[in-house]
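Enquirer: Dumping the structure here so I can ask a few things about it.
The values are calculated or read from the model by the stated rules, or taken from the named source; none is laboratory data. Keep in mind that what you see is a predicted model, and the values were worked out from it rather than measured. All Cβ positions, even for glycine, are placed from backbone atoms using ideal geometry, and neighbour counts span all protein chains on display. Ligands, DNA and RNA are stripped out before the accessible areas are found, and what is left, the full protein with its side chains, is counted by its heavy atoms. Shrake-Rupley method; radii C 1.70, N 1.55, O 1.52, S 1.80 Å.
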Amino acid sequence: MSTKSDKDVQIIKILSERVGELVSGEEMAISLGISRVALRKHIYRLKEKGIPIEVYERKGYKLSHIPDMLIPPLVLSQLNTEIIGNKYLFFDVVDSTNNIARKMAEEGEKEGTVIAADYQTKGRGRLGREWFSPKGKNLYFSVILRPPISVSLAFQLTMLSSVAVCRALRKRGLDALIKWPNDVYVSGRKICGILNELESKKEKVEFVIIGIGVNVNVNLSEFPVELRDRATSMLIELGHPVNRRELLIDILTFMDQWYLKFLKGEKRELFFFWREHNWTLGKRVVVDNKVEGFAIGISPYGELLVRNDKGETVKVSSGDVDITNR
Ligand code: BT5
């Protein structure tokens, strides 16, 4: 498990602040408080992981560029957050990052720990549905949170996560919108899904696992046929590949900012942003083929408020929304 204070992380931080420049080995060793021999060992370990560090004998080291890899030193060295990402684990392959996060949380892992993977063999959505998780293309990660709140407010964590993803996608020029309850959409298609799983004791949250999947560099032809008219990716929408590492760092940073506000009870801005960038509100919707009407708002507990044809406002706490033209 890696943390921001690991030497490998510190080394990459120093080198990445001066990308393309030769940095003296002696200077680095002194600022890290380790011997030059120890520094050299760290450098060779980082090189083995595929980080492009050039070694200049008796002079120093140079990072030629920061590669788009999700390994801990490259993510943590660029992450300036207070809670989210204090610890970070990256796996080449997992069944589901939510499963690993849950197991760790059950064993007492602190909040803020992030588990990411390059590939999921059993990525999942709500109600046991599958999450298409091809290798090396997208983002799949889970965040452990332990907010001191009651279960009824836990949906706000899904809200703040979708707002964070939405912001990161918008920063890259996409017209991303939030679809109640747990999706981010671009061009009317799903680009991100969020899975909020919680454990509670007497109505109080013990921990929440926020699992986020973002379609980043996957092509339309790579999607399973049944998803091709419903899903999209950043590559498809922008016409060029997107740096996954920078995107992950941005999402974690935005999540951290929103979460800190959330803990202080500052939620006005969260609700404002959520409403401003919403795909569901103002539309005529059908939820789970049961409730039909206009989506007019959201309650503090995250319920969708639907005004039906009798003029009544119905609160819907979960379900799948379809937009209808009727
Ligand atoms: C979700 O569920 O949208 C939550 C997805 C969460 C995935 C992340 S990845 C990291 C973490 N680890 C996990 O195992 N999961 C989380 P839901 O609202 O139930 O939507 C699932 C439905 O979305 C599926 O039934 C498909 O129709 C569709 N779908 C599956 N994969 C997709 C993809 N990659 N892109 C867009 N739509 C997809």
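Enquirer: Residue under question is LEU89, and the condition is that it be of a type outside the set (Gly, Ala, Ser) and closer than 22 Å to ASN138 by Cα; does it hold?
Expert: So LEU89 passes the test.
Enquirer: Take the conditions open to solvent by less than 50 Å² (accessible area, probe 1.4 Å) and either away from the ligand (no atom under 16 Å from the Cβ) or not aliphatic (A, V, I, L, M) (or both) and apply them to ARG268. Does it pass?
Expert: So ARG268 fails the test.
Enquirer: Test of understanding: among VAL37, VAL19, which residue is open to solvent by 30 Å² or more (accessible area, probe 1.4 Å), under 24 Å from GLU246 (Cα atoms) and either assigned to a helix (DSSP H, G or I) or touching a strand residue (DSSP E or B) at 6+ places or on another chain (Cβ under 7 Å) (or both)?
Expert: Values: VAL37 fails: under 24 Å from GLU246 (Cα atoms).
On inspection, the qualifying residue turns out to be VAL19.
Enquirer: Out of (1) within 15 Å of the ligand (Cβ to nearest atom); (2) in contact with a helix residue (DSSP H, G or I) (Cβ under 8 Å, 6 or more places away or on another chain), the odd one out for PRO224 is which?
Expert: Exception for PRO224: condition (2).
Enquirer: In region 304-313, is there at least one residue being within 16 Å of the ligand (Cβ to nearest atom) and under 26 Å from LEU169 (Cβ atoms)? Break it down stepwise before answering.
Expert: Narrowing region 304-313 to residues within 16 Å of the ligand (Cβ to nearest atom): 304.
Subset that is under 26 Å from LEU169 (Cβ atoms): 304.
Yes, the conditions are met somewhere in region 304-313.
Enquirer: State whether one or more residues within region 204-216 are without any contact (Cβ under 8 Å) to a residue 12 or more places away in the chain and assigned to a loop (DSSP other than H, G, I, E, B).
Expert: No.
Enquirer: Sticking with this one: Within region 305-324, count every residue that is surrounded by fewer than 18 Cβ atoms within 10 Å (Cβ to Cβ) and either within 22 Å of SER150 (Cα to Cα) or touching a Lys or Arg at 6+ places or on another chain (Cβ under 7 Å) (or both).
Expert: Final tally of qualifying residues: 8.
Enquirer: Still on this structure, please answer the following. Hey, can you tell me all the residues within region 200-241 that are under 20 Å from the mean Cα position of the chain (by Cα) and farther than 18 Å from LYS137 by Cα?
Expert: PHE207, VAL208, ILE209, ILE210
Enquirer: Tell me which strands (runs of 3 or more DSSP E) are completely within region 84-185 and hold 3 or more residues being more than 8 Å from the ligand (Cβ to nearest atom) and open to solvent by 10 Å² or more (accessible area, probe 1.4 Å), or say none if there are none.
Expert: 87-91
Enquirer: Here is a further query. With LEU220, LEU252, LEU227, LEU263 as the choices, which residue is open to solvent by 10 Å² or more (accessible area, probe 1.4 Å), within 24 Å of LEU157 (Cα to Cα) and modelled with pLDDT of 95 or more?
Expert: LEU263
Enquirer: Condition (residue is touching a residue at least 12 places away in the same chain (Cβ under 8 Å) and within 30 Å of GLU130 (Cα to Cα)) applied to region 6-29: is it met by at least one residue?
Expert: The answer is no; no qualifying residue exists.
Enquirer: A further question follows. Given (1) on the phi > 0 side of the Ramachandran plot; (2) of a type outside the set (Phe, Trp, Tyr); (3) touching an Asp or Glu at 6+ places or on another chain (Cβ under 8 Å); (4) buried (at least 19 other Cβ atoms within 10 Å of the Cβ), identify the lone condition not met by GLY302.
Expert: It fails just one condition, (3).
Enquirer: Also: Identify, from the list VAL242, VAL316, the residue that is out of contact with any His (no Cβ under 8 Å at 6 or more places or on another chain), outside the structural domain of TRP131 (by TED's automatic domain parsing) and among the hydrophobic types (A, V, I, L, M, F, W, C).
Expert: Result: VAL316 is the single residue among VAL242, VAL316 that is out of contact with any His (no Cβ under 8 Å at 6 or more places or on another chain), outside the structural domain of TRP131 (by TED's automatic domain parsing) and among the hydrophobic types (A, V, I, L, M, F, W, C).
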